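The values are calculated or read from the model by the stated rules, or taken from the named source; none is laboratory data. Every value quoted in this text rests on a predicted model; they were computed, and no experiment measured them. All Cβ positions, glycine included, derive from the backbone under ideal geometry; neighbour counts span all protein chains shown.
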Amino acid sequence: MPKMKTKSGAKKRFKLTASGKVKAGVAGKRHRLISHNSKYIRQNRGTTILCDADQRTVKKYMPYG
């Protein structure tokens, strides 16, 4: 049986935690930050855990973790 391919865009953007959840960087942090207030910038620092519906999609993209 041939192996399934991992989506290369997904492996660059997402990581799986040890419990099987999907971590992702927060959107809206690249440019045009002058229009956002400091609370927005501070709260979107770091990474977040995706919701269940998005996790199912990303796990299909990354069949081998």
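What the table below lists for this structure:
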quantity	calculated
Only listed residue being in contact with a strand residue (DSSP E or B) (Cβ under 9 Å, 6 or more places away or on another chain), modelled with pLDDT of 95 or more and not acidic (Asp, Glu), chosen from GLY25, GLY20	GLY25
Test result for GLY65, surrounded by 11 or more Cβ atoms within 10 Å (Cβ to Cβ) and either on the phi > 0 side of the Ramachandran plot or basic (Lys, Arg) (or both)	no
For ILE49: the one exception among (1) modelled with pLDDT under 95; (2) surrounded by 11 or more Cβ atoms within 10 Å (Cβ to Cβ)	(1)
Looking only at region 13-30, and only at residues there that are more than 9 Å from the chain's Cα centre (by Cα) and of a type in the set (Lys, Arg), the one that is surrounded by the fewest Cβ atoms within 10 Å (Cβ to Cβ)	ARG30
